[in-house]
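Written below as structure tokens is the structure these notes are about.
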Amino acid sequence: MSVRASGSQGACRSRNPFFGVTPERALCMTAAGTVADEKLKGRKEAQGVRKRGARAWVQSFEEIPHTGKYGWVNLMKFWRQGYFRQLHKHMEGTFNALGPIYREHVGTQKTVNIILPSDIAELFQSEGRLPQRMTLKPWATHREIRQHSKGIFLKNGEEWRSDRVLLNKEVLMSSAVQRFIPLLDEVARDFCKMLQKKVEREGIGQKGKRSLTVDPSPDLFRFALEAICNVLYGERIGLFSSSPSLESQKFIWAVEQMLATTPPLLYLPHQLLLHIGASLWTQHATAWDNIFSHADARIQKCYRRLSSFQGQGSKAEAAGGQYPGVLGQLMEKGQLSLDLIKANITELMAGGVDTTAVPLQFAFFELGRNPEVQEKVRQQVRTSWALADGDPLVALQGAPLLRGIIKEVLRLYPVGITVNRMPVKDIILQNYRVPAGTTVSVCLYPMGRSSDVFDDPMRFDPGRWSSGKGGQRISGFRSLAFGFGARQCVGRRIAENEMQLLLMHVSDSRHEKVETRRRMLISTVISNSPLQVKGLQSFTLVKVADINMLQ
């Protein structure tokens, strides 16, 4: 079976704000090298690019290049020029015009934006024991007016740290990964079987060589939700059936609506919007209400199931030795209140959809148009499986190109566009003094495509992340899709392993030979139109006997 992806124009897919990054709706890709704001082009020549050491003295905060002093004027410009839909391209164009650091004041939001790893290192060293990030006020306001507890994503200080330490043990530590890998592996295997059945049932052509063109987005979003729910609740929700739950689809729609309404609310006085009942706020709050309602139903069902095991030893033992999921582990240990467990489980569930579904689409796209890369991956996966004796964790460890694929995809197509911190002390960035408490944003999209940061940045090269022969020995602070430091994405191990496992099973020929005696290949057809985020408008599954048939 192979995956053929054709890039074409289409509606944009929402971006996920969880896992240590700031949200952006509709990360629309245009042709490489395009500058979003043509008006900024001329300013680059006039002003020049400021570099570290250009002057012998430290310059003031006010001297940092900026896009305009007046926040509300800039906000109107954002609305008029559609920057909320192309914020990543606006950032790229502004860096091209003003250099590696600039200030931006839009509505109620003030940030300093940076792009170079050396400056990111300075920011990281300044974050202290209790790293602070910008609070997403629309989300926090929703929790307050609905009297919901806040998860770690919306907390700072000691309150954040105490909850985060407990969650790390269940989702980040190696012992936790070993527990949930089998659950992710099960979902990835079943997803591949579902696609094969769909090809045989709906495809065209002779038996054994059928082909089927489908939009991959719905299936990948169902895969992502099925996988995160299996990890969180320790049970499947049945999204691969012929008639998946309407409630689950509503949950996905609610996540997309929440993400779509978040960016403009970050720059607007949301309390005023709440007071006047603005439709933008109403849509945002309603989306969160639906997310919480769906998550609460799942949590209550799992709670009743696990409660029935009381008095029978540990919940894992009572469940026949099976892993009871993150929720079961947290409930059994009893170190977090039920309200805090619900808050964090809900945020993880909402954050576990776009975070993996969208990068997987781009992974198929890039593997498809880079057949030499996909062949290397296939060979490495096949060798790794042969030595793993059926253990998916061992197989992943023996296939480092899978990790490289995820890093490359997130470098070129980051799920979130910024990672931000608020330094606890004054720091010097590009010879400018940045006061403590300033929101400093690392802009991921322009950094990932910058020739100052990466060699040949537009080339898809998973091997660049390898420390062995052929690798570029990339230094730190260049792969930041999941954030960095103590506040890195709490669910990154779930997301990384989920994506790698699906790619592994799609690329592996060993399992397919059992049923089809065919190799699993990935190929592509590229259109001449600019690639956009939904760029995989179609996605063809073809069973073939040899890769040469697709070349």
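The values are calculated or read from the model by the stated rules, or taken from the named source; none is laboratory data. From a predicted model like this one, the values you see are computed outputs, not experimental measurements. Positions of Cβ are backbone-derived with ideal geometry, glycine not excepted, and every protein chain shown enters the neighbour counts. Protein only, heavy atoms only, side chains kept; ligands, DNA and RNA dropped before computing areas. Shrake-Rupley method; radii C 1.70, N 1.55, O 1.52, S 1.80 Å.
For segment 194-242, the relative contact order is 23 percent, taking Cα pairs closer than 8 Å that sit 6 or more residues apart in sequence and dividing their mean separation by the residue count. Surface listing: D426, D508, D215 arranged by accessible area from highest to lowest gives D426, D215, D508, probe 1.4 Å. Taking a spot 7 Å from the Cα of R129 along the direction of its beta carbon, which residues of segment 160-187 have an amide N less than 17 Å from it? Residues 160-166 fall inside that zone. Taking amide H positions as modeled 1.01 Å from N, with prolines and chain starts lacking one, the residues under 5 Å from G491 and 5 or more places away or on another chain are F19. A crude spin-label estimate for the pair K77 and E158, with each label 7 Å from Cα along the Cβ direction, gives 4.4 nm.
Kirkwood hydrodynamic radius computed over segment 281-435 comes to 20.1 Å, based on all pairs of distinct alpha carbons.
So if R0 is 35 Å, what FRET efficiency would S241 and D339 give, r being the distance between their Cβ atoms, rounded to the nearest 0.05?
The computed FRET efficiency comes out at 0.60.
Here is the link list: K150/K342; K137/K169; K110/K137; K137/K407. Which ones come out longer than 20 Å on Cα distance? Beyond 20 Å: K137/K169; K137/K407. Summing charges over all other residues whose Cβ lies under 12 Å from the Cβ of L402, with Lys and Arg as +1 and Asp and Glu as -1, gives 0. Restricting the chymotrypsin sites (Phe, Trp or Tyr not before Pro) of segment 123-227 to loop positions (DSSP other than H, G, I, E, B) with no more than 12 neighbouring Cβ atoms within 10 Å leaves nothing.
If H148, H294 are ordered by their accessible area, calculated over protein heavy atoms with a 1.4 Å probe, which sequence runs from highest to lowest?
The ordering from most to least exposed comes out as H148, H294.
Summarising the amide proton neighbourhood of Y432: residues at separation of 5 or more, or on other chains, whose placed amide H is nearer than 5 Å comprise Q59. The HN-Hα couplings worked out from phi for segment 190-199 by the Karplus form 6.51 cos²θ - 1.76 cosθ + 1.60 (θ = phi - 60°) are 5, 4, 5, 5, 4, 5, 4, 5, 5, 4 Hz, whole numbers, x standing for Gly and Pro.
For segment 122-267, the relative contact order works out to 19 percent when only alpha carbon pairs closer than 8 Å and six or more residues apart are counted. When the label point is put 7 Å from the Cα of R305 along its Cα-to-beta-carbon vector, which residues of segment 326-345 have a backbone N closer than 13 Å? From segment 326-345, the list is 326-329. The accessible area of K407, taken with all protein chains in place and a 1.4 Å probe, comes to roughly 80 Å².
Only protein heavy atoms count here; on that basis, with a 1.4 Å probe, Y413 has an accessible area of about 10 Å². A 1.4 Å probe over all protein chains sorts R129, R146, R236 by accessible area into R129, R146, R236, starting with the largest.
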